[in-house]
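Inspection log for the structure reproduced underneath, given as structure tokens.
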Amino acid sequence: MTSSSFPDPPRASRWRRSPSGDRWCDVAVAIFVFVRLLLLSVDHDAVIYYDSAEWRPVDGSASWSFVSLLGHAWRPPAVPAFYALFPSDGARVVAQVILSTTAWCLLAFALRGTLRRRTIQRSGLAVVFVFGASTGVTNWDLAILGESLALSSAALTLAGWLRWAVKPTGASAALALGGTVVLMSCRPQLTPIVAVLAASLLGASAMRRSVVGPRRTTALILAGGLGLASAWVGVVVRNTEVAGSSRPEGIGTFGQNIVMVLRNRVLYDQEAAAWFTDHGMPSTEGIVVPSHDDGGVQRSFDAYRANPALQEWSQDRASLLLLRYSLERPDRFPAQFVRELPSILAPTRAEITYAAVPELLTTPVDSVVTPSADAFGVVPTYGLLFLAAAVAVTRPIRRPVDRRVLAVAGCALVVSATALYLGWLVAPMETARHAVPFGVTTRLSLAVVSLLYLDRSGSRAVA
């Protein structure tokens, strides 16, 4: 089967306007941009948190001292570099709103380019814009934290890969690669997943004869770029842990998370503790499970800092052993993750709404798009999305679904689910907050699958 077996949609070469001049889409874009920018005129004061000082100077000024491409700083460089471009927190809020608005518009354009039927194109734009206008996205634009850039890069990543699946140009490949690298810098647990993706893409490009021409060239470039980016982020994360010894806690973010994993999961379970000890875990003296007289978490941080052998083990082997234990004992960590997943996908509103912003959607719609334990919970949102996808997939279709686009949506769903688990596994501090980008991409991926099949079940395409 050759690439010609899957012809590009008639509108694959156009991003901004449909060939038939669909004014509805233009109006929808204008309304979305207007309501998103309206947020700046209503309330655009920056919201500062205790860890905002890890991204830029305490006084909010611009400084490149927080940026290190090799990780000789407290945080990976993506967010600090973005913040260093602007002189104040107020300017950073404006930049985050503009970047977020642009990212969601590009995602809407990219999704529209994969669809043929005008009604489904309009539905696709509406879905993307509803997600982009939800409180679960907009509130982070006012916070001086990494979540706004993570959400924007997630939208850009999905837009780039959808566009590349339809039109494998240098621009679409650059968008896919750039968005992935920034997202990986914001969420380092993606590193092993992206490495596997790079290897898979390289293997498919080298072995499949149907991958020819520009698609083969850009696929090889993407595979090489993703492989190098994975290695780079791995070096950065290791170096940030060394630089993190100057933090008030005395250890870096990774070390803090490992201590929390040991306290709450490994040492809490005698069988798990014995397994890790048998596989080379050194003494954990001073790190104790939570209790009323445990001396507080800082005591465990101090014990970790005074234990070089445990630090070396954590850097070199802890992540791989946690993953291996998960595979060998699915009744332990994976089962615990499944039990806690509803609270990760639908946490309390306070866990995922750090800034008070006006609701751009009606409350019921916003509560469904951004599920929380305070409203409808996890079942209505994800239940409806899974049901819609199941119904759409099982309906008779008149034309085959583009496998490349479907593969992008499927990969996005798998990557998001895997990233949720890896984030829960190795970074248990503020899990719900750090899971925000992957919760959004999970919901988006399900919606995209539904739209792709519904688009091919009709009888009339856009002329």
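Data table
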quantity: Where labels lie 7 Å past Cα in the beta-carbon direction, separation of Leu327 and Leu40 in nm; calculated: 4.8 nm
quantity: Cα centroid of region 49-113 to Cα centroid of region 244-271, whole Å; calculated: 27 Å
quantity: Viscosity 1.567 mPa s, temperature 4 °C, Stokes-Einstein D of region 57-163 from Kirkwood C-alpha radius, µm²/s; calculated: 86 µm²/s
quantity: Calculated Cα extents along the principal axes in Å (choose from [x] 89, 48, 39; [y] 70, 53, 41; [z] 55, 50, 47), label; calculated: [y]
quantity: Environment charge of Gln336, counting only residues whose C-beta is closer than 12 Å and scoring Lys/Arg +1, Asp/Glu -1; calculated: +1
quantity: Distribution of pairwise C-alpha distances over region 376-427, 5 Å bins, in %; calculated: 4, 15, 14, 24, 19, 13, 7, 3, 1, 0
quantity: Ordering of 87-95, 433-441 by burial proxy (mean other Cβ atoms within 10 Å per residue, highest first); calculated: 433-441, 87-95
quantity: Full-stretch length increase - Ser457, Ser291 - with 0.36 nm per residue and alpha-carbon distance subtracted; calculated: 54.0 nm
quantity: Helix-only mean residue ellipticity at 222 nm for the chain, each DSSP H run of n ≥ 4 adding -39500 (n - 2.57), per residue, nearest 500; calculated: -20000 deg cm²/dmol
quantity: Estimated inter-spin distance, Asp278 and Thr348, nm [label 7 Å along Cα→Cβ]; calculated: 3.9 nm
quantity: Rounded, prolate or oblate (a/c below 1.5 giving rounded, otherwise prolate when a/b exceeds b/c) for region 175-291 by Cα gyration tensor; calculated: prolate
quantity: Between 0 and 90°, nearest 10: helix 147-166 axis offset from the chain longest Cα axis; calculated: 40 degrees
quantity: Point-to-point label distance, Ser88-Glu340, nm (Cα→Cβ direction, 7 Å offset); calculated: 4.1 nm
quantity: Computed E for Arg433/Thr217 - FRET, C-beta separation, R0 51 angstrom, nearest 0.05; calculated: 0.85
quantity: Theoretical gain in end-to-end length, Arg299 to Leu70 [0.36 nm per residue, Cα-Cα removed]; calculated: 79.4 nm
quantity: Cβ crowding within 10 Å averaged over residues, with 226-237, 348-359, 254-265 ranked highest first; calculated: 254-265, 226-237, 348-359
quantity: Extension reserve of the Ala204-Thr362 stretch, reckoned as 0.36 nm per residue once the Cα distance is removed; calculated: 52.4 nm
quantity: Net +/- balance of residues flanking Val288 in space, Cβ distance below 10 Å, scoring K and R +1, D and E -1; calculated: -1
quantity: Mean Cα-pair separation over length for region 15-457, i.e. relative contact order, pairs under 8 Å, 6 or more apart, %; calculated: 18 percent
quantity: Relative contact order (%) - region 16-140, alpha-carbon pairs under 8 angstrom, separation at least six; calculated: 25 percent
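Each reported figure results from applying straightforward, stated rules to the coordinates on display, with no laboratory input. Values in this document were obtained by computation on a predicted structure and should not be read as measured data. Note: ideal-geometry Cβ built from the backbone for every residue, glycine included; neighbour counts use all protein chains shown.
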